[in-house]
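For reference, the structure discussed in these notes is given below.
The values are calculated or read from the model by the stated rules, or taken from the named source; none is laboratory data. Quantities reported herein were computed from a predicted structural model and do not represent experimental measurements. Cβ placement follows ideal geometry from the backbone for every residue including glycine, while neighbour counts extend to all protein chains displayed. Note: areas computed on protein heavy atoms with side chains; ligands, DNA, RNA excluded. Shrake-Rupley method; radii C 1.70, N 1.55, O 1.52, S 1.80 Å.
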Amino acid sequence: MSAARKPLYERLPEIYRIRDAEQSPPGQLQAFVGVLDEVMSALRGDIEGLYHNLFIETCDDWVVPYIADLLGTSHLKGDPWTLRADVARTVHHRRRKGTLGAVESLVFALSGWAAHGMEMRERLAWNQHMNHQRPDAGGVPPLALARSVSGPVRGGTVNLRDPAQLSLLNGAFDPFAHVVDTKPPGPGHNLPNLAVFLWRLKDYQVPSAKPLARGPVQSLAGAAPDEASFAVRFDVHPLGDALALFNRHRFHADDDPPDLSLLDAVPGPIPRARLTQGTPAGNPAAYVQVKFHASVPPPEFSNVGLTFHLPDVTALNSRDWRFRGANLCAWEAGLRPKLRAYEIVVDPERGRVVFGLRNNASEAALVREKLLVTHSYGASGPTGAHPVQRTDPGTGWQRVTVNGHIQDPATALQHALDDIQNAPGPVLIEIADSLTHDLDLAAVLGVGDEAGRKTLRLNHDLWIRAASGRRPVIRLARPLGFRPDNVLGSGAAALMARLTVRLEGLYLARGEGFTGNALIEQAAVNRLDLDGCTLDPGGALGLDGVRRPALASLRLANDHGFANAPERQAFDQLPRVVLHRSVCGPLLMDDQYLLYVSGSIVDAGSGVDAPAPALAIRGASGDPEATWGPRLALCEPPRAETEPGRQDDPCKGGSGGGLTCFGRARVQSATGSGGIFVHRLEVHDTLHGCLRFGWFPGKGNRLPQHHGCVFGLPLRFEAEAFGSPAYGQLRRDCDRHVLEQGPGGDEMGAFGYLANTHKWKNISIRSREFMPAGVRPVLLPIT
């Protein structure tokens, strides 16, 4: 890799740069040299680009088909990463054509999904010939014949005494033999079938997060010598919501020979029975581990799905910790069998954990206060707050780092915002942990007051974001609010015309005793960006299976939150609220706001079959059934933005799109592409704008012009409740128009940018080329 180019101006002697700064106006020499430097920089970039385009790993996207032609590989469409991986591994796959390793590697390259190939003929039962019997040695049950936990058992009956083994029945790693399926060709157990199981959900790992302790340390009376005398209970989710725990995807595509997917190395929900130690098919070491830290735990990532970080003290690190999987839905009633001393019981379906301790209450109190958990969960894609890699923000920012492992998470973010109006330039606050931070604007120094509502007063741009690989949770005591510090004085017009607030990678939720209607109630700025954020929408499923009420995320009125009438009249902006790959609850916004949405979910808690769907996007003032909400644009904002007039198309020059809206919507105007409105959409201004490639219910809509849209066709989701792993993911049995007629010829809705339909088609196309002769591939999604 070549070194970064040093600008020509910086190569000049220091004396010339000093004198250039003393000129009036300063920087004349720098401007002149900069013009010359642009030509040299363009030449260097062009030459470097020519070199990079020689290699599939570094070439531009448009070069990939040309390199494919040199290898004789047919062209595919879809996600650029998968197309590049397909060409890069062409020779690798051709050398191993017809093998299971090549099939699994091919699927991974074309989709990024975990895959497991299973020959159905190997799972067919056979009858023994009476002259050549193969009885079990010594009368041991037939499971003893299996060479591995997923090896087929050809004869005998199923052993019902091993829950871990039985939990694999009819799954991707089914260890039992089946009779021939005589139904028409399909995913059954037949001779020509090669089942390719797919895990489409991605596993995300949150490092060193603080679980929510449930209640005080529980004393267990009458405990036997090997039983626990104290129990400490936790919810892994920092807010106490149910959470399905996932294992990590451990697949090495470059291994030679190819690495086949293993039972304990796929990104799916952790099987409870496999967590139990001491059982024939239990293997907790592949899913969970205990580590000890002396002071501040390193934010390390783990190869297993669940890691408990305990303080490095003799009372804890000298113990032999055991693991068990169990149903902890009613953990208040105790466990059967009883909790053992120094045993960790995990409920992966609900994300609950119980620690059993023996000696004294101080050990239990230490675990309750100091435990940190690195856990993995599943999601369809990076929509919402997830621990992903983030781009470098560049220079020009006054950087402030918040780390709750070193600072107090109850006040660290608050102190970072103290007197923010006095900052000399744009401020970037980066949260370098995955802990839970409390924020009360009333405790922030220099905060403004708008008739009792606290708000941050700004003179420069503000950016609050999560560091790469982190997912901090911010519990609010009251709603957030942003406004210019100066609205009436000199320079106010320039400040209002550029002021931007950006929130990135944050999980915003209501704290205990939250006072307010929505999480954000003032956005008197030129632009409010919510990039990869989750504004807790509510609607999650409780342990009783009942959905919780939806919670509003934004409430923005036309007065822009100003209590002072002259300031309200002087603020002449049309604030732009940008939702990019975010999840939020109902949006209460009046018509003097412009709402950009791309790759996002807006959830009012109303599923497809809701008899009385709630409003997901509506006005903030007056009767919600009589007023109109914001101007809606299903696209990313244009790069070179100008203030759009009332009749302009706000998507002109923009790109992207995609929205899944669970609930009704009433907006002033609408334009853009890729929207799924689960319930009716009503637009006030039907003369302007155009909606493209979207799904709408069959009746009740009030729409502007539309193109390529479908109405009332079958629509189904894998999960409609927030917090479910497949939340918002379209099912494969949706109408093909929904899956194939979205923007770019892919699916409609929030996850259209993932190009899942193209991935599915590409696997089918390539499998015909690399499949063994006479074998019929059957694609079976597990998640």
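Where the only charges are on Cβ atoms (+1 Lys, Arg; -1 Asp, Glu), what is the dipole of the chain about its Cα centre, to the nearest 20 debye?
Dipole of the chain, to the nearest 20 debye: 2060 debye.
How far is the Cα center of the range 463-504 from the Cα center of the range 74-95, in Å?
43 Å
In square angstrom, what is the accessible area per residue of the range 411-544 with a 1.4 angstrom probe?
Values: 4000 Å² over 134 residues.
With all protein chains present, the range 411-544 gives 30 Å² per residue.
In degrees, nearest 10, range 0 to 90: what is the angle between the Cα axis of helix 756-770 and the longest Cα principal axis of the chain?
For helix 756-770, the angle is close to 40 degrees.
Helix 28-52 versus the longest principal axis of the chain: what is the Cα-based angle in degrees, 0 to 90, to the nearest 10?
Helix 28-52 sits roughly 20 degrees off the main axis of the chain.
Evaluate the charge dipole of the range 738-783 about its Cα centre and quote only its size in Debye, nearest 20, assuming +1 on the Cβ of each Lys and Arg and -1 on the Cβ of each Asp and Glu. Present the calculation step by step, with values, prior to reporting the outcome.
Working: 5 positive and 4 negative charges, 47 e Å.
For the range 738-783, the charge dipole is close to 220 debye.
If amide hydrogens are placed 1.01 Å from N in the peptide plane, which non-local residues have theirs closer than 5 Å to the one on SER673?
The answer is LEU634, GLY658, ARG692.
Counting only residues 5 or more places away or on other chains, whose amide H sits under 5 Å from the amide H of HIS706 once H atoms are built in the peptide plane?
When sequence neighbours closer than 5 places are left aside, the close amide H contacts are LEU691.
Accessible surface of SER468 in the full protein assembly, 1.4 angstrom probe, to the nearest 10 Å²?
Taking all protein chains as shown, SER468 has close to 40 Å².
Using the Karplus curve 6.51 cos²θ - 1.76 cosθ + 1.60 with θ = phi - 60°, what ³J(HN,Hα) values do you get for each residue of the range 338-353, in whole Hz, with x for Gly and Pro?
5, 5, 8, 5, 6, 10, 10, 9, 10, 10, x, 5, 10, x, 10, 9
Could you order the peptides 604-610, 719-725 from most to least packed, using the average number of other C-beta atoms within 10 Å per residue?
Numbers: 604-610: 18.6, 719-725: 20.7.
Taking the mean over residues of other Cβ atoms within 10 Å, the ranking is 719-725, 604-610.
Quick check: the distance between the Cα centres of the range 214-234 and the range 278-292, to the nearest angstrom?
Cα centres, the range 214-234 to the range 278-292: 22 Å.
Can you give me the Cα centroid spacing of the range 409-437 and the range 769-783 in angstrom?
Their Cα centres are 52 Å away from one another.
Per residue of the range 665-682, what does 6.51 cos²θ - 1.76 cosθ + 1.60 with θ = phi - 60° give for ³J(HN,Hα)? Whole Hz please, x for Gly and Pro, Karplus curve as stated.
Rounded to whole hertz, the list is 9, 10, 10, 5, 8, 8, 7, x, 9, x, x, 10, 9, 4, 10, 4, 10, 10.
Listed highest first by mean packing, meaning other Cβ atoms within 10 Å per residue, what order do 616-624, 19-27 come in? Working shown, then result.
Details: 616-624: 20.1, 19-27: 10.4.
By packing density, highest mean first, the sequence is 616-624, 19-27.
Quick query: amide H of GLY446 versus all other amide H atoms, modeled in the peptide plane; which residues come in under 5 Å with a sequence gap of 5 or more or a different chain?
ASP419
With θ taken as phi - 60° and the coefficients 6.51, -1.76 and 1.60, list the Karplus ³J(HN,Hα) couplings across the range 87-99 in order, rounded to whole Hz; mark glycine and proline as x.
5, 4, 10, 4, 5, 4, 6, 5, 5, 10, 4, x, 9
Which are the unpartnered cysteines of the chain, meaning those with no other cysteine Cβ under 4.7 Å from their Cβ?
For the chain, the answer is CYS59, CYS329, CYS533, CYS584, CYS661, CYS690, CYS709, CYS734, because their Cβ atoms have no other cysteine Cβ under 4.7 Å.
What is the sum of charges around ASP264, taking Lys and Arg as +1, Asp and Glu as -1, for the other residues whose C-beta is under 10 Å from the C-beta of ASP264? Provide the component values of the computation, followed by the final result.
Details: positive: ARG248, ARG250, ARG274; negative: none.
Summing Lys and Arg as +1 and Asp and Glu as -1 gives +3.
Taking the Cα-to-Cβ direction at GLU14 and at GLU119 and moving 7 Å from each Cα, how far apart do the two end points lie in nm?
Once both label points are built, they end up 7.3 nm from each other.
Work from the charge dipole of the chain (Cβ charges, +1 for Lys and Arg, -1 for Asp and Glu, about the Cα centre) and give the residue of HIS92, HIS309, CYS533 farthest towards its positive end.
HIS92
Treating only the Cβ of Lys, Arg, Asp and Glu as charged (+1, +1, -1, -1), what charge dipole size does the range 515-614 show about its Cα centre? Round to the nearest 20 debye. Numbers along the way, then the final one.
Numbers: 7 positive and 12 negative charges, 25 e Å.
Its charge dipole is roughly 120 debye.
Positive end of the dipole of the chain, charges at C-beta (+1 Lys, Arg; -1 Asp, Glu), about the Cα centre: which of HIS52, PRO80, GLY481 has its Cα farthest in that direction?
Of the options given, the answer is PRO80.
Can you tell me the order of 247-254, 302-309 when each peptide is scored by its average per-residue count of other Cβ atoms within 10 angstrom, highest first? Provide the component values of the computation, followed by the final result.
Numbers: 247-254: 16.9, 302-309: 21.1.
For the peptides 247-254, 302-309, the packing ranking is 302-309, 247-254.
Determine the calculated [θ] at 222 nm for the chain from helices alone, applying -39500 (n - 2.57) to every DSSP H run no shorter than 4 residues and normalising by the residue count; nearest 500 deg cm²/dmol.
Working: 15 runs with 129 residues, N = 783.
Per the formula, -4500 deg cm²/dmol.
Provide Rg and Dmax in Å for the chain, with only Cα atoms included in the calculation.
Radius of gyration, then largest Cα-Cα span, for the chain: 29.2, 106 Å.
May I ask which residue of GLY334, TYR9, GLY694 lies farthest towards the positive end of the charge dipole of the chain, with charges of +1 (Lys, Arg) and -1 (Asp, Glu) on Cβ and the Cα centre as origin?
Among GLY334, TYR9, GLY694, the one farthest towards the positive end of the dipole of the chain is GLY334.
Which entries in the list LYS97/LYS759; LYS97/LYS761; LYS202/LYS291; LYS338/LYS370; LYS6/LYS77; LYS77/LYS202 go over 28 Å, if you measure between the two C-alpha atoms of each?
Working: LYS97/LYS759 20 Å; LYS97/LYS761 19 Å; LYS202/LYS291 25 Å; LYS338/LYS370 25 Å; LYS6/LYS77 39 Å; LYS77/LYS202 21 Å.
From the list (LYS97/LYS759; LYS97/LYS761; LYS202/LYS291; LYS338/LYS370; LYS6/LYS77; LYS77/LYS202), the Cα-Cα distance tops 28 Å for LYS6/LYS77.
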